[in-house]
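The values are calculated or read from the model by the stated rules, or taken from the named source; none is laboratory data. Owing to the predicted nature of the structure, the values given are computational and were not obtained by experimental measurement. Every residue, glycine among them, receives a Cβ derived from its backbone with ideal geometry; neighbour counts consider all protein chains shown.
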Amino acid sequence: MTILSFDWAFIIEKLIMIAIIVFASLGIALYTTFGERKVAAILQDRPGPSRAGPFGLLQPLADGLKLITKEEIIPSHADKWLFILGPGLAMTASLLTCAVIPWGTAIHVFGRTVELQIADINIGILYVFAVVSMGVYGIMIGGWASNNKFSLLSALRAASQAISYELAMGLALIGLLMTTGSLSLKTIVEAQVAGNWWNVVYQPLGFLIFFICAMAECNRTPFDLPEAENELNFGYHQEYSSMKLGFYLFAEYINMIMSSAIMASMYFGGYDLPFFDESTVAPNIAAMIGVGTLLIKIVLFIFLFMWIRWTIPRFRYDQLMSLGWKTMIPLALFNMLLTGAIILAKL
Amino acid sequence: MQPLTNKAQAVSRKPMTFLERLYLINIIKGMVITFSHMFKKQPTIHYPEQKREFSPVFRGLHVLNRDEEGKERCTACGLCAVACPAEAITMEAAERTEDELHLYREEKYAAKYEINMLRCIFCGLCEEACPKDAIYLSETFAPANYTRKGFIYGKPDLLIPNPKTEAAALAMAKGVEA
């Protein structure tokens with residue numbers, strides 16, 4: 001099936017993959033909002049949403065319906081096009097990340113080998129960093145276009161926070177890249193599947209820094225200064241209503257899922273199920289077990305995010321900056337040097 | 001000033017040690033506390049399905065009582081209206097005729113009996129004042145209504161179902177209220 005020297009089946013296969021992954025991400029994000037509310041409730045001795053459907057399971061659908069049917073308000077002094085562009089950009093950037101995440105090994109259908117990854121590009125992690133830093137534009141543009149001092153302040157905060165923590169994040173990652181020798185997420189995961197230990201064993205400090213910075217990048221408490229409802233009245237999405245607000249909130253949850261997936265892939269073996277020999281079962285089933293393992297790891301990470309959110313209060317702005325610049329970056333540099341020294345000593 | 005309780009503690013101004021400045025240990029301690037709350041009993045009462053038990057002296061909406069034969073007990077003496085500190089009760093008395101013997105217990109009865117539930121303070125003084133055991137405060141509490149008029153309860157709203165002719169309705173009302 002080769003027309004115009006294209007492998008059309010390949011394009012169809014990738015389109016189906018993209019559709020599945022995008023809709024699955026949206027669905028998981030929808031239920032992460034529910035999970036957030038339930039976890040918050042249970043940690044605070046409350047029952048949480050329990051009215052819509054059994055155990056309140058239809059609550060996210062009701063929330064989504066509410067957001068879609070609400071009145072769309074664009075403030076008269078707002079820059080209309082940038083105001084619309086903001087949430088779209090935030091959403092696009094957070095969804096783009098999922099392109100390089102390896103969801104499992106290959107499965108075999110209709111005589112074809114389908115890689116469970118949209119694109120195995122050799123600069124996988126660099127791509128993630130590039131896309132994630134684009135997500136900040138969504139927040140900045142939204143905050144600026146709202147023409148509101150609180151939104152603008154919050155956008156400024158978000159931008160400086162993202163810049164400060166992306167630095168430490170990248171530096172923490174260099175240690176990992178030195179040990180794996182590859183930027184491709186697939187290669188990093190395969191190395192962990194083949195090796196004895198997950199990367200977190202070799203890079204505990206690097207993982208800690210990466211985790212803290214990921215939390216800051218996702219604007220999660222204790223780093224939710226851009227939202228800071230008690231000082232900035234909800235920050236950059238204060239003027240937003242209806243599904244534009246929904247997009248911002250959704251983008252935050254998708255960011256959370258994607259950073260969980262990346263942390264699971266890079267430090268916790270990705271789709272590797274420990275103490276289980278994949279060769280004992282059929283390859284397709286083994287691949288599905290791998291996907292399930294990765295999803296469980298993602299859910300555990302998301303729970304950790306929520307658990308931290310409902311435990312720790314928000315940082316003050318100067319504390320945030322001093323943590324980022326005076327603690328995280330030196331620590332990441334130290335981690336990098338330490339890794340380099342150990343690699344040299346081993347040679 | 002002398003300390004009023006023995007709970008006062010001096011604030012420590014010692015500079016934090018390295019471990020304390022890391023915050024990680026204290027963060028983990030806090031997270032253990034929040035995690036332990038997952039296994040705590042929730043005090044929530046899921047309202048429409050579960051109801052909190054009222055205390056036996058709870059004072060809810062009023063009911064007008066009937067005797068065992070279904071006759072209204074109220075004799076329109078007006079003592080409840082006099083006792084009412086909020087002046088929520090109004091009534092008009094009427095004389096019982098020969099063919100109303102099965103309806104009213106005494107020869108005088110309340111032709112109109114209204115309680116303004118927005119004025120009522122649910123003090124229960126009407127219940128105490130009544131010499132005929134005709135008015136009681138039940139365990140139902142004020143429902144919502146669209147108009148102020150709807151809160152002026154007349155005899156049809158207040159009278160309990162007739163034990164002779166509407167025994168099933170009475171049992172149901174008692175079941176709900178109990």
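Check A:F23, A:F34 and return the single one that is more than 14 Å from chain B (Cβ to nearest Cβ) and surrounded by 13 or more Cβ atoms within 10 Å (Cβ to Cβ).
Numbers: A:F23 fails: surrounded by 13 or more Cβ atoms within 10 Å (Cβ to Cβ).
Only one candidate qualifies: A:F34.
Yes/no per residue for (1) surrounded by 23 or more Cβ atoms within 10 Å (Cβ to Cβ); (2) at pLDDT 85 or above; (3) more than 23 Å from A:Q319 (Cα to Cα):
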{"position": "A:A130", "(1), (2), (3)": "no, yes, yes"}
{"position": "A:L153", "(1), (2), (3)": "no, yes, no"}
{"position": "A:A168", "(1), (2), (3)": "yes, yes, no"}
{"position": "A:L171", "(1), (2), (3)": "no, yes, no"}
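Those residues that are part of a loop (DSSP other than H, G, I, E, B) and polar (S, T, N, Q), I need them from segment A:202-236; list them, please.
Scanning segment A:202-236 gives A:Q203, A:N219, A:T221, A:N233.
For residues in segment A:69-114 being β-branched (V, I, T) and part of a loop (DSSP other than H, G, I, E, B), which is surrounded by the fewest Cβ atoms within 10 Å (Cβ to Cβ)?
A:I73
Please tell me if B:T17 is at pLDDT below 85 and either under 19 Å from B:D133 (Cα atoms) or away from chain A (no Cβ under 14 Å) (or both).
yes
For segment B:38-60, give me each residue that is surrounded by fewer than 13 Cβ atoms within 10 Å (Cβ to Cβ) and either touching a residue at least 60 places away in the same chain (Cβ under 8 Å) or not in a loop (DSSP other than H, G, I, E, B) (or both).
Those that are surrounded by fewer than 13 Cβ atoms within 10 Å (Cβ to Cβ) and either touching a residue at least 60 places away in the same chain (Cβ under 8 Å) or not in a loop (DSSP other than H, G, I, E, B) (or both): B:M38, B:F39.
So which of A:E278, A:E252 is at pLDDT 85 or above and of a type in the set (D, E)? Before the answer, list the steps.
Values: A:E278 fails: at pLDDT 85 or above.
Result of the check over A:E278, A:E252: A:E252.
Within segment B:89-121, restricting attention to residues that are in a strand (DSSP E or B) and of a type in the set (D, E), which residue is farthest from the chain's Cα centre (by Cα)?
Across segment B:89-121, the extreme among qualifying residues is B:E95.
From (1) within 14 Å of another protein chain (Cβ to nearest Cβ); (2) buried (at least 17 other Cβ atoms within 10 Å of the Cβ); (3) over 14 Å from the mean Cα position of the chain (by Cα), pick out the condition that doesn't hold for A:Y267.
Only one criterion is unmet by A:Y267, namely (1).
How about segment B:38-76: which of its residues are within 14 Å of chain A (Cβ to nearest Cβ) and closer than 19 Å to B:E139 by Cα?
B:I45, B:H46, B:Y47, B:P48, B:E49, B:Q50
How many residues does segment A:255-275 contain that are outside any helix (DSSP H, G or I) and either under 18 Å from A:D224 (Cβ atoms) or at pLDDT 85 or above (or both)? It would help to see each step written out before you state the result.
Step one: list which residues in segment A:255-275 are outside any helix (DSSP H, G or I), which gives A:268-275.
Now drop any that are not either under 18 Å from A:D224 (Cβ atoms) or at pLDDT 85 or above (or both), which leaves A:268.
Summing the residues that are outside any helix (DSSP H, G or I) and either under 18 Å from A:D224 (Cβ atoms) or at pLDDT 85 or above (or both) in segment A:255-275 gives 1.
Residue-wise test of (1) more than 30 Å from B:P43 (Cβ to Cβ); (2) touching a His at 6+ places or on another chain (Cβ under 6 Å); (3) basic (K, R); (4) in contact (Cβ under 8 Å) with a residue 12 or more places away in the chain.
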{"position": "A:A29", "(1), (2), (3), (4)": "yes, no, no, yes"}
{"position": "A:R37", "(1), (2), (3), (4)": "no, no, yes, yes"}
{"position": "A:A41", "(1), (2), (3), (4)": "no, no, no, no"}
{"position": "A:G48", "(1), (2), (3), (4)": "no, no, no, no"}
{"position": "A:P60", "(1), (2), (3), (4)": "no, no, no, yes"}
{"position": "A:G64", "(1), (2), (3), (4)": "yes, no, no, yes"}
{"position": "A:I84", "(1), (2), (3), (4)": "yes, no, no, yes"}
{"position": "A:P102", "(1), (2), (3), (4)": "yes, no, no, yes"}
{"position": "A:I123", "(1), (2), (3), (4)": "yes, no, no, yes"}
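Which ones in segment A:37-49 are buried (at least 17 other Cβ atoms within 10 Å of the Cβ) and either within 14 Å of chain B (Cβ to nearest Cβ) or more than 22 Å from B:F39 (Cα to Cα) (or both)?
Hits for segment A:37-49 are A:K38, A:V39, A:A41, A:I42, A:L43, A:G48, A:P49.
What do you reckon, is A:L304 surrounded by 15 or more Cβ atoms within 10 Å (Cβ to Cβ), under 30 Å from B:K29 (Cβ atoms) and modelled with pLDDT under 90? Step through it out loud before you land on a result.
Details: surrounded by 15 or more Cβ atoms within 10 Å (Cβ to Cβ): yes; under 30 Å from B:K29 (Cβ atoms): yes; modelled with pLDDT under 90: no.
It is false that A:L304 is surrounded by 15 or more Cβ atoms within 10 Å (Cβ to Cβ), under 30 Å from B:K29 (Cβ atoms) and modelled with pLDDT under 90.
Condition check: part of a helix (DSSP H, G or I), touching an Asp or Glu at 6+ places or on another chain (Cβ under 9 Å) and not acidic (D, E). Does A:Y248 satisfy that? Outline the logic, then answer.
Numbers: part of a helix (DSSP H, G or I): yes; touching an Asp or Glu at 6+ places or on another chain (Cβ under 9 Å): no; not acidic (D, E): yes.
So A:Y248 does not fit the description; no.
Quick one: would you say B:Y113 is among the hydroxyl-bearing types (S, T, Y) and touching a helix residue (DSSP H, G or I) at 6+ places or on another chain (Cβ under 6 Å)?
yes
Name, by its number, the condition in (1) away from chain B (no Cβ under 14 Å); (2) buried (at least 17 other Cβ atoms within 10 Å of the Cβ); (3) not in a helix (DSSP H, G or I) that does not hold for A:I312.
(1)
What are the pairs with Cβ atoms under 7 angstrom where one residue, in segment B:122-134, is part of a loop (DSSP other than H, G, I, E, B) and the other, located anywhere, is of a type in the set (A, V, I, L, M)? Sequence gap at least six, or different chains.
Within 7 Å, the pairs are B:F122/B:L137; B:G124/B:L137; B:C130/B:L79; B:P131/B:L79; B:A134/B:L64.
Every residue in segment A:315-342 that is under 30 Å from A:Q44 (Cα atoms), within 14 Å of chain B (Cβ to nearest Cβ) and exposed (fewer than 14 other Cβ atoms within 10 Å of the Cβ), please.
Residues satisfying the conditions are A:R316, A:Q319.
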